[in-house]
Amino acid sequence: MDSSQDVTGPHDRSARPRHRSVPPHRRSLRARTTVPALAAALTAAVLLAPATAPSPPGPSLAGPAASAPAAAPGAPAAPGAPARAPYRPFAGKAFDTCEAPSLAVMKAWRASPYRAVGIYFGGRGRGCLTQRHLTPDWVASVHALGWRLLPLFVGSQAPCVFAEHKKDVPIGRTPWLQGTREGADAVKAARALGIGPSSPLYLDMEAYRITDRACADTTLLFVRAWNREVRRLGYLPGFYSSVETGIRHMEKERTEGTGDLPSVLWFARWRGTPALYTEPVLPSSAWREYGRIHQYAGNVTESYGGSRMVIDRNSVDAPVAEVLP
């Protein structure tokens with residue numbers, strides 16, 4: 001987290017680094033790459049995109065009215081537009097914590113105001129790589145208790161990520177191919193837990209320096225490729241980041257008509273109160289109706305039913321996982 005900016009803290013929280021060796025700080029791609037070389041790399045990456053999965057039209061500035069008919073089964077929502085049926089909507093409070101709690105804790109926390117939980121189900125960048133309780137049985141049991149699940153995938157991170165303990169998992173020299181591969185990995189990991197098609201998968205991209213143009217371009221290629229592959233495989237791509245970095249970046253691309261953007265934004269601004277549709281960075285006309293999650297407080301301690309946890313608080317108007325029977 002860069003406290004000098006309005007970056008709200010790491011979403012994928014861990015008390016300390018994951019005991020991986022952290023390489024020396026990488027110089028920005030702009031410092032290492034000539035303009036012609038970067039242009040050639042970006043062109044090559046786009047040419048490698050699957051021809052069978054064309055980019056959707058540029059996102060509209062306003063989603064359909066709430067009374068509009070639901071989308072046909074399997075139809076992904078356009079970026080900035082509502083994520084409609086067949087996705088399972090949820091509106092209410094959610095929490096997330098680094099490691100999935102035990103089933104006993106989830107039973108105790110039915111006394112809480114929360115009804116959904118964020119789970120870090122995959123990705124090489126997770127703060128808590130060991131998830132003792134996160135199994136298909138846990139997913140099915142927690143869902144049967146009435147909990148709704150928000151699956152988070154913490155994959156490769158921007159080369160200019162702020163968090164020191166995320167600098168050892170950077171996006172590499174082939175961001176499109178890497179994003180495609182990690183999108184497939186996310187779907188595979190979700191399926192292994194019993195999280196079925198039409199579920200949202202939220203890509204966690206920790207705060208990064210969006211003013212570093214080369215780094216921002218690399219990150220965008222990775223995110224777009226990840227989104228495209230997740231959509232192609234029948235899931236819904238969402239995106240988590242701090243509001244002043246990754247979220248601002250996605251909104252800029254939306255206004256410019258960029259394709260393959262997330263359908264749902266999970267934005268972090270730790271100001272203590274929810275602001276789902278009054279966030280200054282996001283116009284009220286974009287990413288509406290099941291299109292937003294606001295992480296409005298972090299690293300807070302709460303106790304219910306005799307069980308205490310350190311969590312982040314979220315206000316949700318977004319799709320949740322479809323759990324297979």
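Say we look at the stretch 68-93 and pick out the residues that are part of a strand (DSSP E or B) and either among the hydroxyl-bearing types (Ser, Thr, Tyr) or touching an Asp or Glu at 6+ places or on another chain (Cβ under 9 Å) (or both); which of these is modelled with the lowest pLDDT?
ARG88
Looking at HIS143, is it part of a helix (DSSP H, G or I), within 29 Å of ASP260 (Cα to Cα) and not polar (S, T, N, Q)?
Here the answer is no, as HIS143 does not meet what is asked.
Give me the pairs: first residue in the stretch 153-175 and hydroxyl-bearing (Ser, Thr, Tyr), second residue assigned to a loop (DSSP other than H, G, I, E, B), beta-carbon distance under 6 Å, and six or more apart or on different chains, which are they?
Taking only residues 6 or more apart or on different chains, the pairs are SER156/VAL169; SER156/ILE171.
If you scan the stretch 116-135, which residues turn out to be surrounded by 21 or more Cβ atoms within 10 Å (Cβ to Cβ) and either among the polar types (S, T, N, Q) or closer than 15 Å to GLU322 by Cβ (or both)? Give the derivation first.
Of the stretch 116-135, the ones surrounded by 21 or more Cβ atoms within 10 Å (Cβ to Cβ) are 116-123, 125-127.
Hits for the stretch 116-135 are ALA116, ILE119, PHE121.
Within the bounds of the stretch 315-325, is there any residue that is in contact with a Gly (Cβ under 7 Å, 6 or more places away or on another chain) and surrounded by fewer than 18 Cβ atoms within 10 Å (Cβ to Cβ)?
yes
Would you confirm, using the coordinates I've provided, whether GLY146 is over 16 Å from the mean Cα position of the chain (by Cα) and either within 28 Å of ARG88 (Cα to Cα) or not small (Gly, Ala, Ser) (or both)?
Criteria met by GLY146.
Go through LEU221, LEU201 for me and flag whichever is over 13 Å from ALA321 (Cβ atoms) and either in a helix (DSSP H, G or I) or open to solvent by less than 20 Å² (accessible area, probe 1.4 Å) (or both).
The unique qualifying residue is LEU221.
Within the stretch 94-107, restricting attention to residues that are aliphatic (A, V, I, L, M) and open to solvent by less than 20 Å² (accessible area, probe 1.4 Å), which residue is farthest from ARG181 (Cα to Cα)?
MET106
Return the residues of the stretch 136-183 that are basic (Lys, Arg), surrounded by fewer than 22 Cβ atoms within 10 Å (Cβ to Cβ) and under 22 Å from LEU220 (Cα atoms); say none if nothing qualifies.
Once the filter is applied, which keeps residues that are basic (Lys, Arg), surrounded by fewer than 22 Cβ atoms within 10 Å (Cβ to Cβ) and under 22 Å from LEU220 (Cα atoms), the stretch 136-183 yields LYS167, ARG173, ARG181.
Matching residues to (1) under 17 Å from ARG126 (Cβ atoms); (2) β-branched (Val, Ile, Thr); (3) open to solvent by 10 Å² or more (accessible area, probe 1.4 Å):
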site	(1), (2), (3)
ASP185	yes, no, yes
ALA189	yes, no, yes
CYS215	no, no, no
LEU236	no, no, no
GLU244	no, no, yes
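Taking the stretch 207-218, which residues are in a loop (DSSP other than H, G, I, E, B) and over 16 Å from the mean Cα position of the chain (by Cα)?
Selection gives ARG209, ILE210, THR211, ASP212.
May I ask you to list the residues in the stretch 236-278 that are touching a Lys or Arg at 6+ places or on another chain (Cβ under 9 Å), in a loop (DSSP other than H, G, I, E, B) and more than 19 Å from TYR296 (Cβ to Cβ)?
THR258, GLY259, ASP260, LEU261, SER263 - these are the residues of the stretch 236-278 that are touching a Lys or Arg at 6+ places or on another chain (Cβ under 9 Å), in a loop (DSSP other than H, G, I, E, B) and more than 19 Å from TYR296 (Cβ to Cβ).
The values are calculated or read from the model by the stated rules, or taken from the named source; none is laboratory data. Values in this document were obtained by computation on a predicted structure and should not be read as measured data. Every residue, glycine as well, gets a Cβ built from its backbone with ideal geometry; the counts of neighbours run over all protein chains shown. Just the protein is used for accessible areas: all its heavy atoms, side chains included, with ligands, DNA and RNA removed. Shrake-Rupley method; radii C 1.70, N 1.55, O 1.52, S 1.80 Å.
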